[in-house]
Each structure stands twice: as C-alpha cells, then as structure tokens.
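Engineer: Mind looking over this structure? Questions follow.
The values are calculated or read from the model by the stated rules, or taken from the named source; none is laboratory data. Remember, it's a predicted structure, so these values are computed and weren't measured experimentally. Cβ atoms come from the backbone with ideal geometry, glycine included; neighbour counts cover every protein chain shown.
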Amino acid sequence: MKQVFTRIGTKTDKGSELRRRAEEVVAGLEEKAFSESSIDMKRLIEELNIFHVELEMQNEELRHTQTALEMSQRHLADLFSYAPVGFLVLNRSGQIIEVNSLAKEYFALSEQMLTKRTLQSFISPESFSSYIDAVQKVLRGETKIAQAEVLLRIRAGQQFWARLRMDMIEDFDQQEKIILCSVRNIDKEKAAERVMLNARTELLSQVEYRTLELEASERKYQLLLNHANDAILVSRAENGIIIEANEQASRLLNIPVERLLGSHLDNLFSVEQVEEFFTLQVTLRNSDRTAGSVVETLIRSLQENRKAIPVEVSTAAIEFQNEKFLLHIMRDISERKQVEQELREAKKRTDHANMALMSTISKAKRLAAEAREANQAKSRFLAAMSHEIRTPMNAIIGMTDIVLQTTLDKEQHRFLSIVRNSAGRLLDLINDILDFSKIEAGKLTLSPTPFCLERSMLSVQDEMQVLAEQKNLYLHFDYEGHLDFDVVGDFSHLRQVLVNLLGNAIKFTDDGCVIFSVEILDSPAKKALDSVKVRFIIGDSGPGIPIDRQTAIFEAFEQSSTDKGGTGLGLSISMQLVNLMGGVIELDSSPGEGSCFFFTLSFPLAERSVPLPRTTEKKEEPLLSGVIQQVSILLVDDVEANRILARHILEQRGWQVQEAVNGQEALHLLAEQHYDIVLMDVEMPVMNGIEATKQIRQQEASHGGHIPVIAMTAHALQGDRERMLASGMDDYVSKPLILDDFFKAIERQLR
C-alpha cells in the first residue's frame, strides 16, 4: 500500500514538470516562430500522451486497490463477528456500541439488548475495582493495552469468569477514540487454577508437615535415649555387648545405666523361653541389610532373685560408620498380659452369656411361633364360634319371625317379641366381638365399591326410623347440597358406623329428637373435582356426656354413664373404622344439652358424577309373578331346624322345595331331576357345600348347562363371601337370614 502512494507521488511530480514546460513553450511561441518550436511541441505532446497512459494505469491500479481494501474490510468485519474471542466495542463511558457473535453467546442477549447497557453493569462487585483500574489506565494513556479478570453476572444464578483485554483505537467515522474490549471465558482456567492452588497448598502443607516431621524425628532421635517412655538398648551386632541404654531400661531392669553398659545382651534373656528371639539376633547379625522384628519374651534383671518381666521387644539392625548395631526397644507388657488374661476370662463369661442369649432367643422364637399358632387358633375359634352360633341363631330368629306373623294373643306376641329382640342383641354382640377381633388383629380391610350417596343415606334413615318410632322419637334427616352422586367407598362399614351412632343416639334419648345430617363440603356440581368431602353429623337431645367421660367412651368395653346395655364396643369399632377410612370421629357434648358426633370423609367420584333428576330413578323390578309358582328349589343343609325354616319361607311364596342333608345327596338328586336353583349350606358332613359346588361345575363343563348355586351359610367373616364365589357359587347370603337379602339373592339368580 505504501509503494502505491509513492508511485502516485512520483507521477504527480512529473505532471508538474510537463505543465511548466508547456507554459514555457506557449510563451516562446509569441517570441519565436512556430516552426522553431515544433520539435519541442511534438516531444511535449508525446510525453503528455505517455503521462496520460500512465495515469490510466494508475487509476486501474487504484481501482484494484479499492476492491482489495473493501474485501479486506469485509474480511475484517467477518473476523470481528465470528472470531473465536468475544469482542465488545465501548465508548469512553463504557457504553456497549458493538458486539460480535461470541460476545452475544456469552451474555445470552441480543445485540439490541446489549447496546442498551454498559459493560460495568455486568461486573460483579468483587471484580469492579479491577475493571475500573484497567479502564482508567487505557483512558489516561498510561498503557496501550490493559487486562482485567472479572466475574460477569449475566442473570440470577448465571455467571462466569472472563479475561478482558482493552485497547484504545481511533474511530475515523466519528472522529473519536473508542475501546476495543476482548472477552474470553476463563471459567475452566479458574477451575484449573483452583485445582493447582489447592494442589500447591496441599503440597506445601505436606512439605511443611514432612519438614516438621523430619525435624521432630531428628529431635526424637537425638533425645530418644534420655526421654523415651520405652526401655532402649543398643548392642554391637558382632558380639551382643550393650553400648547404650536409657533411664527407662535402667528402671525396667532395676540396674544402673553404668552397670548395663558393657554387659552382654544374652544375660538378660532366658534361652529356654526366647529361642525365637535369639534366632532373630543371629539373623540380624549376619544380614547385609537392615531388618527388624517384634517378639514377646521374658527378661530378667542381672540381680539375683528378681522376677522375670514380660516385655515386647522390637529389634532392628542399624549401621553407623560401616559398623552394624542392633537397636532394642523394650516395652513392659505386664499390664497388657493381665488385661489379656482378664479378657480371656471375660470372653468365657461372654460365651456363656451368648449361649444363654441364644437360648433366650430360641425360646422367644418358640413363644412367637406359639403366639402365631395361638392367633391362628383364635381366628379358627372365632370362625367356628361364628358359624356354630349363627346356625342356631338362624333358626331362633327365623322361627320367631314366622311365629310372630301368626295369630297370637297380646301376651304371646309380647313374649316372642322379647325373644326376637334378645336374639337380635345377641347377634349384634357376636358381630361386634368379631369386628373388634378383626380390627385388633389388623385384618380388617376396606372394600370400596361405587354407591349412590343419596339412596344409601335414605336407606340408613329408613332403617333407623323404625327404632325411633318405637320410642316415639322424631328422627330428622337433613342434608345440604346435592347428594345424588355416585362415589367410591366401603358403604358396608360406613353404614355400620352410622347405624352404631344413630342407634346410640336413639337408645340414650328418651324425649326429643335425633338429627341425622349430611353436608357436602365440596360439591362436584360447582367445581371440577375428582373427589367429594362429606361431613356426617348425628345429634340428639339426650342426657349428654360429661367431659371426663368423653374420651373413655371410645375405648373398648366402655359405656356411657347412663347404662342402657350393650357391649361397649360400638363406639370403639366405629372410631377405628372411621380412622381406617381416613377420618376422625369428634364429639361435642355437655350434660343436659345432648350430644353431637361428627366426622368428615373424602370419597372419589365414580363415573356418574353429575346429579340425575329424581324423576329418573328406577326401582328394581320384582320377579314376574307369572313364574313364581313354577320355581323348583333344592335346599341343602344338614341342620333340620334351618331346613324347616327355609322351607317354610320358600313355600310361602308358592315355590317347590326338595331337601338334601349333605353335598353327596344333593349331587344324587341333581342327577335325577332338574332344579331352578340350589340353596347350598357350606359346613356339612359327608361332603361340604364347596366340594359339591365344584363337582356340579365340573359336570356342567362336560355336559353343558348352568344351575345357580347360592351359598346359604353361617360363615360371615371377612373373606368368606369371596371364598364361596371363588368355588363356583353364584351368590351368597349369611345366617341368620335377612329375608329381604335372601329373596333378592334368589330373584337375582332366577332373573
């Protein structure tokens, strides 16, 4: 570029010379004849032509130079934009006026956003002074280029260390000086520096530690003989003569140091007891390199009648000025030997204790197994007792209900009603005891199924209305919000809780009313909910419960202060059932002001979560009367009283009944005659109901057809229903029979 401008200057000088000569020629034309100057004129014209050609060539060269400059500028712009180093162009106040691609990537901001800010706005406070010092040096001209390492904070939680290199340059367009600042991410360098710094610090620490250790070792070596806690002897390897001893050796052997020096090492040890030690001595004496070992032995004083002392001797071979020595460090281990002996005796005692512990553990395992067996026996006993009690209870309650439907005088009806109520109370007692036993054993589980909240609550209200009317009480059913939702829950156990609480309220209230209230806390009709919270409230105008009794009544076998009979299990069972369902029963009561029990449960919504118009409710259609007289039933039960009861109930409907006393007899009858339905007891001699049902299903698998089998059993524990259905039975009713459930089960199968 410099050569081009030099050549341009040369051509300019030549043009000036030609201009001067042309002026002289023109001036001469006035004084001389034209012919006399024609030669000079021709030469001048030739030179002007040549100069014109040179100017054209110069212009062409300038055009090439301009193109090269433009390409160079574009190249420099590309280098600036895509350089592997971030670049910022700053004005004197630090305002960002231009950035390249990598700088935008570092700051994660657009060029428009960056040019609205100053570089110092990104500098962290701890790095600000370093940045300002570097900028000031460049602005003041103290240095051409200044560097600073700063921590740049881009946004919350995002920052990096950067090395800034600032250079003052001239902006020819704006005629002012600007700062070109390069930005390089040095996070990795900083991390490496920290690692190296930590390593250097650790190395210096180790060097310092080793230096101190060596110094300490040297001091220890120098002071070892006089300040060591152990006895130290140094002997010549060639002859065993002791040449050095410390005060501890003197005290250990009870011999002055002066007497020890010059003594023979072998005189201190008993050869019979320390053969290994002396073998080591020979090895060390004859070894060409240093070696060492530790042995336990006995040493004796050079004085007579001194007791031998157990010691631990650490021996090492050392060399000094080409002479080999043996260094012996002896430690009195009398106390350790005594402790070891005590430990051996303690180990014997521990072994005896371990044997006793193992015996205790074995006994505990045996007791645990016995407890499990006892628990299983308890469960079997409860199942057996449930079955054995429910079987006669079925006949007692059923026969009593039948007789009560006949013509009786007033006194007979009263007596039989007492029998029926007592039987019902006995059955409730059995159910409470079984439920309590299952809860206590942790075997009671919930069985959630969909049910309609409104219909279910109305059924509870209808059931309890009869008891309230018997006492001339007003039972008020109140609810807030729509109840016509299908929810998923264990209604059987919820009903048990509500019946317990309502039954208690009716039983303990002599005058006034009982309120059964249901509140919807979160209505799915108003909100898009997956579940609904329901609060149940049972209040009465009874005598109330004293505060000091309000906790006790929820305990097992506890009753209120007003004794109205019962097991005292109802509230305890109800409380635990509500807890199992995810709620808590609360009580608000005062003497003379009645009682209020309430709890809140959350139920998932079933598929039909939108309230239905009440007019669309459909009741279950009864069995068509036209086929009632044509039903034939096989009744299988080994208890005569149960067969008599069931036969009477069934024949009242006009149905034909054939009896069998066990499963085997039922199979014979089924082989000879067709029946519409089989009512099958479970516990029977010869062949039980489950085995008989399995054989019925096997025969049907071979020959086709299907006869409905309904389990009619006193097995009413949790899991019994599932066990019956799994055997092939189609339905299940428990004894004592509830006539409504009994006929519904039959009609379901006949339909």
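Engineer: Going by the conditions given, is LEU670 modelled with pLDDT of 90 or more, within 18 Å of GLN699 (Cβ to Cβ) and part of a strand (DSSP E or B)?
Structural biologist: It is false that LEU670 is modelled with pLDDT of 90 or more, within 18 Å of GLN699 (Cβ to Cβ) and part of a strand (DSSP E or B).
Engineer: State all residues of region 172-214 that are farther than 17 Å from TRP161 by Cα, part of a strand (DSSP E or B) and at pLDDT 85 or above; if no residue qualifies, say none.
Structural biologist: Hits for region 172-214 are ILE178, ILE179, LEU180.
Engineer: Continuing with this model, one more query. Within region 285-299, is there a residue that is over 24 Å from LEU260 (Cβ atoms), over 59 Å from the mean Cα position of the chain (by Cα), at pLDDT below 85 and part of a helix (DSSP H, G or I)?
Structural biologist: yes
Engineer: Spot the failing condition for LYS190; the list is (1) buried (at least 16 other Cβ atoms within 10 Å of the Cβ); (2) in the same structural domain as TYR131 (by TED's automatic domain parsing), and only one is missed.
Structural biologist: Against the list (1) buried (at least 16 other Cβ atoms within 10 Å of the Cβ); (2) in the same structural domain as TYR131 (by TED's automatic domain parsing), LYS190 comes up short only on (2).
Engineer: So, in region 643-666, exactly how many residues are part of a strand (DSSP E or B), farther than 16 Å from ASN394 by Cβ, in contact with a helix residue (DSSP H, G or I) (Cβ under 8 Å, 6 or more places away or on another chain) and not aliphatic (A, V, I, L, M)?
Structural biologist: The qualifying residues number 1.
Engineer: Right, something else. Taking interchain pairs and intrachain pairs at least six residues apart, which have beta carbon atoms under 7 angstrom, with the first residue in region 408-436 and at pLDDT 75 or above and the second charged (D, E, K, R)?
Structural biologist: Once the first residue is at pLDDT 75 or above and sits in region 408-436, its partners that are charged (D, E, K, R) give ARG420/ASP401.
Engineer: Does region 633-658 hold any residues that are out of contact with any Phe, Trp or Tyr (no Cβ under 8 Å at 6 or more places or on another chain), within 17 Å of ALA711 (Cβ to Cβ) and either surrounded by fewer than 20 Cβ atoms within 10 Å (Cβ to Cβ) or not acidic (Asp, Glu) (or both), and which are they?
Structural biologist: LEU635, VAL636, ASP638, VAL639, ASN642, ARG643, LEU645, ALA646, LEU650
Engineer: Restrict the check to region 215-236 and report whether at least one residue is surrounded by 12 or more Cβ atoms within 10 Å (Cβ to Cβ), polar (S, T, N, Q) and at pLDDT 80 or above.
Structural biologist: Looking for residues that are surrounded by 12 or more Cβ atoms within 10 Å (Cβ to Cβ), polar (S, T, N, Q) and at pLDDT 80 or above, one finds at least one in region 215-236, hence yes.
Engineer: So which residues in region 51-92 are of a type in the set (A, V, I, L, M, F, W, C) and modelled with pLDDT under 70?
Structural biologist: Residues of region 51-92 that are of a type in the set (A, V, I, L, M, F, W, C), as a first pass: 51, 53, 55, 57, 62, 68-69, 71, 76-77, 79-80, 83, 85, 87-90.
If the condition is that a residue be of a type in the set (A, V, I, L, M, F, W, C) and modelled with pLDDT under 70, then ALA68, LEU69, MET71, LEU76, ALA77, LEU79, PHE80, ALA83 are the ones that fit.
Engineer: Let me ask you something else. Quickly run through region 320-358 and pick out the residues that are more than 26 Å from ASN229 (Cβ to Cβ) and in a strand (DSSP E or B).
Structural biologist: Across region 320-358, the qualifying residues are GLU323, LYS324.
Engineer: Quick check on region 366-383. Is at least one of its residues surrounded by 10 or more Cβ atoms within 10 Å (Cβ to Cβ), of a type in the set (Phe, Trp, Tyr) and at pLDDT below 75?
Structural biologist: Within region 366-383, one or more residues are surrounded by 10 or more Cβ atoms within 10 Å (Cβ to Cβ), of a type in the set (Phe, Trp, Tyr) and at pLDDT below 75.
Engineer: Quickly run through region 543-573 and pick out the residues that are of a type outside the set (A, V, I, L, M), modelled with pLDDT of 65 or more and within 26 Å of ASN431 (Cα to Cα).
Structural biologist: Hits for region 543-573 are ARG549, GLN550, THR551, PHE554, GLU555, GLY570, SER572.
Engineer: Please determine, by comparing only the residues of region 240-278 that are of a type in the set (Val, Ile, Thr) and modelled with pLDDT of 80 or more, which one is farthest from LEU327 (Cα to Cα).
Structural biologist: Top of the filtered list is ILE255.
Engineer: So, ASP171, is that one out of contact with any Lys or Arg (no Cβ under 9 Å at 6 or more places or on another chain) and either surrounded by fewer than 15 Cβ atoms within 10 Å (Cβ to Cβ) or over 14 Å from VAL183 (Cα atoms) (or both) or not?
Structural biologist: No: the conditions fail for ASP171.
Engineer: Please give the number of the condition GLY141 fails out of (1) at pLDDT below 85; (2) of a type outside the set (D, E, K, R); (3) touching a strand residue (DSSP E or B) at 6+ places or on another chain (Cβ under 8 Å).
Structural biologist: (1)
Engineer: Would you tally the residues in region 149-167 being farther than 11 Å from TYR131 by Cβ and of a type in the set (A, V, I, L, M, F, W, C)?
Structural biologist: Number of matching residues: 4.
Engineer: Applying the selection to region 693-742, what residues are modelled with pLDDT of 90 or more and assigned to a helix (DSSP H, G or I)?
Structural biologist: Result: THR693, LYS694, GLN695, ILE696, ARG697, GLN698, GLN699.
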